[in-house]
Each structure stands twice: as C-alpha cells, then as structure tokens.
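Taking it in order: structure first as structure tokens, then the write-up.
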Amino acid sequence: MITRTIGETITFQHPFRLSGADDLQPAGRYLVETDEELIQSLSFPAYRRLSTFIHLAGRPNSNELARVVDIDPAELASVRARDARGQ
C-alpha cells in the first residue's frame, strides 16, 4: 500500500468549533493533514482519502501541549465557509 500525507495551513478569522474537539478553538492558523492511499487497480494514479487531522493547542488546565484531532472534511469545509461569512 502506497500512502501519502498532504498538509495545508488554514486560517480562521473567528473562533470555531469542530465536533472532534470538545472546546471552542481561537481564531488563528491551523495545520490540517490528509492521509491518502494509492488505488492500485486503476490504469492512472488516483488516491483515496483515509483520514483528515487538524493540529490544535492543548486543552486549558491540562498538561497537553498540543493535540491532533481526527475530523470530517465536509464539516471542516462547512466551518470554513461560515468563518468566511463572518459567522
């Protein structure tokens, strides 16, 4: 199995909430990584998404410095669209 990871830095202008994280996240820049695997049965290169993660700061009042949360890409797209509209 051949896999790859694609990273993207996204910026939120407003605080936001994702179902994979139990707290409100502050506005700022966040690293989002998507793991994909090559579909080898095709005659051309194509990849299937395996998982998408966002890197967050640790929770307040905990010993966490940072955390990585598995997220739904469709939910992330929706949250980003709301952020762009200023909601």
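In the stretch 1-24, whose amide N lies under 19 Å from the spot 7 Å out along Cα-to-Cβ of Ala57? List them in ranges.
Under cut-off, by backbone N: 9-24.
Of the labelled options [x] 15.1, 52; [y] 13.7, 41; [z] 12.9, 44, which one gives Rg and Dmax of the Cα atoms in Å as computed for this structure?
Working out Rg and Dmax of the Cα atoms in Å from the coordinates points to [x].
Would you mind working out the magnitude of the charge dipole of the chain relative to its Cα centre, with +1 at each Lys and Arg C-beta and -1 at each Asp and Glu C-beta, to the nearest 20 Debye?
So the magnitude is around 260 debye.
Could you give the length gained on full extension between Leu31 and Leu65, defined as 0.36 nm per residue of separation minus the Cα-Cα distance, in nm?
10.7 nm
For the pair Arg85 and Phe44, how long in nm is the line joining their label points, each one 7 Å along Cα→Cβ?
Output for this residue pair reads 3.5 nm.
Can you give me the angle between helix 73-84 and the longest principal axis of the chain, using Cα atoms only, in degrees from 0 to 90, rounded to the nearest 10?
Tilt of helix 73-84: around 40 degrees.
Taking 8 Å as the Cα distance limit and 6 or more residues as the minimum spacing, I'd like the relative contact order of the chain as a percentage.
It rounds to 27 percent for the chain.
A short reminder: the numbers here are calculations on the coordinates, not readings from a lab. Bear in mind that the values here come from a model prediction, so they are computed numbers and not experimental data. Counting neighbours? That spans all protein chains shown, and the Cβs are built from the backbone with ideal geometry, glycine included.
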